[in-house]
1. For every helix of n ≥ 4 consecutive DSSP H residues, a contribution of -39,500 (n - 2.57) applies; sum these over chain C, divide by its total residues, and give [θ] at 222 nm rounded to the nearest 500 deg cm²/dmol.
2. In whole Hz and in residue order, list the ³J(HN,Hα) couplings for region B:197-213 that follow from phi through the Karplus curve 6.51 cos²θ - 1.76 cosθ + 1.60, θ = phi - 60°; x for Gly and Pro.
3. Considering the options B:Leu27, B:Met78, B:Thr38, tell which one lies farthest towards the positive end of the dipole of region B:23-98, charges being +1 on Lys and Arg and -1 on Asp and Glu at the Cβ, about the Cα centre.
4. Arranged from highest to lowest average of other beta-carbon atoms within 10 Å per residue, in what order do the peptides A:209-217, B:348-356 appear?
5. Please work out the C-alpha center-to-center distance from region A:184-260 to region C:107-148 and express it in whole Å.
6. So, R0 is 45 Å and r is the distance between the beta-carbons of C:Tyr136 and B:Ala47; what FRET efficiency does that work out to, to 0.05?
7. Quick one: compute the contact order of chain C, relative version, from alpha carbon pairs under 8 angstrom and 6+ residues apart, as a percent.
8. How large is the helix-only mean residue ellipticity at 222 nm for chain A, computed as the sum of -39500 (n - 2.57) over DSSP H runs with n ≥ 4, divided by its residue count, in deg cm²/dmol to the nearest 500?
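Where a number appears in this text, it was derived from the coordinates with a stated rule and is not lab data. Everything numeric here is computed off the predicted structure, so don't read it as measured data. Note that we place each Cβ from the backbone using ideal geometry, even for glycine, and neighbour counts take in every protein chain shown.
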Amino acid sequence: MWVNMGPQHPMTHGLWNLRVRIEGEIIKDVEPELGFLHRGIEKISEDRHYNEIITLMDRTCYVAGLAWEHLFILAAEQALHITPPERSEYIRVLASELQRIASHMMWYAAFVQDLGLMSPFLYGMRDRDLVLDLFQSFTGGRLTYEYMRVGGVRNDLPLGFTGQCRRVLDWLIDRFVEYDHLCLASTIFHERCDGLGVLPAPEAVAYGVTGPMLRSAGSHRDLRKDRPYSVYDRLQFDVATATSADVTGRYLVRMEEMRQSVRISRQCLDWLDDHPGPVLAAQLPRWLGAPYAPVGNESYLLKRNYPTGLGFSMIEEPHGEAGAYVVNDGGEHPYRVKFRSPVLINVWAAKRYLPGYRVADIPPIMGSVDVCVGECDR
Amino acid sequence: MVTLFSVSNTLSAALLGALAHILPTPLNGWATSSGVVTGLAALIFGAILLAASMLNTILLIWWERKLLGRFMDRRGAMHVGYAGLLQNFADGLKLFRKDTVRPGQADPLGFWLSPTAYMVTSLLIFGVLPISTGWNGGSLPLTLLLALVIFSFAPLFIFLGAWASNNKYSLIGGMRSAAQMIAYEVPILLAVVAVVIVAGSFDLTTIVQEQRDYWFAVPLFLALIVFLTGMLAEMERIPFDLPEAEAELVEGWNTEYGGMLFAFFMLADYLRALVGSILVVLLFLGGWTLPSYVPSVLTSFPLAGIVWFMVKTYIVFGIFVWIRASLPRIRTDQLLKLGWMRMVPLALLSIVLATLVVKAGCPPVLHCVPPMGG
Amino acid sequence: MQTNELAASLTSRFDSRILGVDGFPGLLGRVRFEPAIALDLFRTFRDDLGFSHLTMVGGIDWVDHREVFYALWSDADRVYVMLSANLPAEAPSIASAVPIWPSANAHERETWDLVGIRFEGHPDLRRIFMPEGYAYHPLLRSFKIFEPEDLEVKVRSE
């Protein structure tokens, strides 16, 4: 019997459809159906200035907007041959790591809700709000930020931000302990999560699965370490891994990642306290659309010798490895922008890690994948 | 002594007496005849029970919402009425005003019958539950058995509704409900057997009176644990709400029901939660009695038995809410395993304990733990 | 491994069918190849050069021709490499990478859906985002946004 888990279903809440063939309660085959949220972001990007695409990046993944801004900015800067100031790189890393905490908290809330745990859902959302408050104080937005710019970031951190941010991080570190108590101390949690959705590392690599799902299988692959972008090579942190390759393993990895993100954020805050400076590159072409670009030494009307180039960036996004490929053929708009969505591939591998389990196991397993359909469909 | 039946009898007599004044001669004699008075008294009795149980059910929902809110670090319903007391009335009113939609392919008879029967069987139990001395439908020798039998009708109607609504999620939910029943009915009955052995009666009033020396919760704590767990499953609350596991089955067996029919299911769910809590209070926590060392001023005011009974019931339900707020949902096969491999042996052990308690007489230590007033 | 080493090793194996290995800052290089050797090249990259991970597959419509590109990652060298092949604008097709990397499945379906490049030997080449039976490939330059007939979603017939 084929059962549609979605689109009007609490697990997929209107965004995608998981068709499941079941015999009794055992899953025999699955077929993800996607595209319900396809907005053609790659197509729209072809008609936009570079800084205008940043707006789309927030909408690409609506729980990890800053991470996707970071991704596109890196590729665009490579394609346009622009070097951002050092301080802006630290701010970007700080923003990305705070975004990782917020995204993982959102995941935690949704995941325990799928398990039937009601209170931690609200705890997760409550504490995520503190991170969103931080975002509001330096970007002005709580969900869509439009903060990063080609060549830097839009504005510097507000006065007193670092102190406030440290206080929030201290609070969060304590909350992570509480989260673990609510989940790992519960026998039912282990009954529901241990040994489910197992995807061993070799198969995870073959199926292209990345991020916490891959690291839960014992792999140490983390692009922040393996191919450091921005200033990750100057920061100390550990790669969170687990060995069980199941739902519990993914939970442990994400929890540890949040702790490591706090650690990275603190290092960034320390550096930012000591190193004031510009946050936007001095010489930016006006057609980028940057609001504070200096006028005078750019070549808007006279020369029109726009640079050409290719930009390729991969970052460790909260859901996995996200990629951007920007083809700049010498114009104000990119010729083609291609994004790699980690969620699309992670969801696709459901064909491998779902069959054999029960219908009741679908919510924990798919919850542990952390599906963000916005970036999956783009 | 004031009993529920005497109250309804008085009401009935007064009503019919007033009626007799305005009726012509041959009719007024008939109206005051004892048969008519008793008949009307029975109707009034039923109406009072219905009103009381519905009112308590709605209060129970409020109580759960407030408690859940506090567990979740929020305040629960706050806006309609004082502290949101009237919120559920507003919600109910909204649901009753809604259209009830039957899917085209659904079987009409089963679709309409199942919520009605579910509701009716849940209400029926209140007829046999004693609330305080005399406040019941009369002393019958087998009230406990009757209550449990009516209580376990529900999965049948759930399955009927699930099958009739012609929906895959409903069907899976109904199947799970049936499978779940197999898991919890046997341990529940075994735990009740332990109580019956100690009390020596199937009559709920007698069982409560037998607890005058000690609450059965103390010697039969194993049976209490099994009974509480089984009741959780019987009420289909987290962690045993598999038939309506919303994460995978939308709403489970009541997916296709909306408006008033959904309100029926929802109300009947809480009615069953109320019955479950009442049964726990009756069987294990001494019903409407309080320990004898409690100052008599607390037990001597009018209707004190009912007040304390309701307090206990709400506290027991609070424990169920607490469990709901802190545990995830388990799986069908795990529930079956729990039922057969953990709860049944525990219940059997508690039967052994019960026979020991009867054989050895009550150990003296139990007399002082909660010594009971009459 | 350096870009020139990669170029040397590839040229020795495929000689002129490798059209060039360009430098690409941050990557091992950008290998331009003839579509005919696609499967052999993929196998070489996976088995001999250790690029176990297919990261990205995409297409570009250059109007007069189409380009298909692949990004690969090597766990041993911790480096990305980009492969790119030019296909004709009329009925572009290339061998599917699914036998080499199962993860290519979704990537190639997406590329077929949006850019209209056929992958021969793909087990299940259907549209992934657009509805089945949709008449266009939206990322082609000939596709204009905001034409009323594009907004009509044709109902799938089953």
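1. On the way: 4 runs with 34 residues, N = 158.
Taking each H run of at least 4 residues, the total per residue is -6000 deg cm²/dmol.
2. 4, 6, 7, x, 7, 9, 8, 4, 4, 5, 4, 5, 5, 5, 8, 5, 8
3. B:Met78
4. Numbers: A:209-217: 28.6, B:348-356: 17.6.
Descending mean neighbour count gives A:209-217, B:348-356.
5. Between the Cα centres of region A:184-260 and region C:107-148 lies a distance of 33 Å.
6. Numbers: r = 68 Å, r/R0 = 1.51.
Calculated transfer efficiency: 0.10.
7. On the way: 279 pairs, mean separation 26.8, N = 158.
Once normalised by length, the contact order is 17 percent.
8. Working: 15 runs with 180 residues, N = 378.
Dividing the helical sum by the residues of chain A leaves -15000 deg cm²/dmol.
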